1. Looking only at the range 159-188, which residues are of a type in the set (A, V, I, L, M, F, W, C) and more than 20 Å from F128 (Cβ to Cβ)?
2. Of all residues in the range 137-181 being at pLDDT 90 or above and among the small types (G, A, S), which is surrounded by the most Cβ atoms within 10 Å (Cβ to Cβ)?
3. Consider only pairs whose beta carbons are under 9 Å apart and that are at least six residues apart or on different chains; among these, list those whose first residue lies in the range 22-44 and is free of Cβ contacts under 8 Å to residues at least 40 places away in the same chain and whose second residue is assigned to a strand (DSSP E or B) and among the acidic types (D, E).
4. Restricting the range 105-120 to residues that are exposed (fewer than 14 other Cβ atoms within 10 Å of the Cβ) and at pLDDT 85 or above, which is farthest from Y179 (Cα to Cα)?
5. How many residues does the range 141-163 hold that are touching a residue at least 12 places away in the same chain (Cβ under 8 Å) and either outside any helix (DSSP H, G or I) or closer than 18 Å to K61 by Cβ (or both)?
6. Has the range 76-84 got any residue that is closer than 21 Å to I159 by Cβ and touching a helix residue (DSSP H, G or I) at 6+ places or on another chain (Cβ under 9 Å)?
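The values are calculated or read from the model by the stated rules, or taken from the named source; none is laboratory data. What you are looking at is a predicted structure, and each value in this text was computed from that prediction instead of being measured. Glycine also receives a Cβ, built like all others from the backbone with ideal geometry; neighbour counts cover every protein chain displayed.
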Amino acid sequence: MKNILEKHSTEICKDILNIIDNKEVKIEIEEKNKSSLYVFLNNTIYISDKFNKNKDNEKNKKAKLLVIAHECAHSIQSKTIQILNFILSNIELIMFFIIVVWRIFGKGLEIISYGYFVVALISIFIRFYLELNATVNSIKIVARYLLSNKINRKEVKSIVSYYKKELFKTTPLFVLSLYLFKFIRIGIIILI
């Protein structure tokens, strides 16, 4: 297992993309970002360079594998749902700014406010689906990756169990961070 965790992030990502039969995705190491992400618009996985810089941190090494698998899982999700998520998230932002500006100038836009809530809620559900799907599939992808690297089933089961426990602990914070600004915008619309 240690040999696998010592691999460079790009190599792990390429291996996983081969396992899930998705060889079209570009991979870039991102020095500025502290997090990794998949951008469907240019079909690219951006991997945080922190994984390659903090090689001595055992927890960081284990996280690297799951995070890369998570982003690879996004790369095989429905492009239609990803486009819908992108469009609705941007419409929600535009509607928010229009409503705030109109309310600052004393105009009432109650009907648009209701529309805003509908768009915001639908975009929350779609994003939640995309993230939950990628999270569940990332664990399966890690298991396939480890098995393809000749890690015995007992160790794979132990590693998968570890990841499930970590995800159970961190998911509430992740969900909060994912939707925090959207919930703040909803709160502002309610209050103004």
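1. Once the filter is applied, which keeps residues that are of a type in the set (A, V, I, L, M, F, W, C) and more than 20 Å from F128 (Cβ to Cβ), the range 159-188 yields I159, V160, I188.
2. In this case the residue turns out to be S138.
3. Matching pairs, first to second residue: S36/E30; L37/E30; T44/E28.
4. It comes out as Y114.
5. Matching residues across the range 141-163 total 13.
6. Taking every residue of the range 76-84 in turn, none turns out to be closer than 21 Å to I159 by Cβ and touching a helix residue (DSSP H, G or I) at 6+ places or on another chain (Cβ under 9 Å).
Conditions tested, residue by residue: (1) exposed (fewer than 15 other Cβ atoms within 10 Å of the Cβ); (2) part of a helix (DSSP H, G or I); (3) modelled with pLDDT under 95.
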{"residue": "K14", "(1), (2), (3)": "no, yes, no"}
{"residue": "K23", "(1), (2), (3)": "yes, no, yes"}
{"residue": "K59", "(1), (2), (3)": "yes, yes, yes"}
{"residue": "L66", "(1), (2), (3)": "no, yes, yes"}
{"residue": "L84", "(1), (2), (3)": "no, yes, no"}
{"residue": "W102", "(1), (2), (3)": "no, yes, yes"}
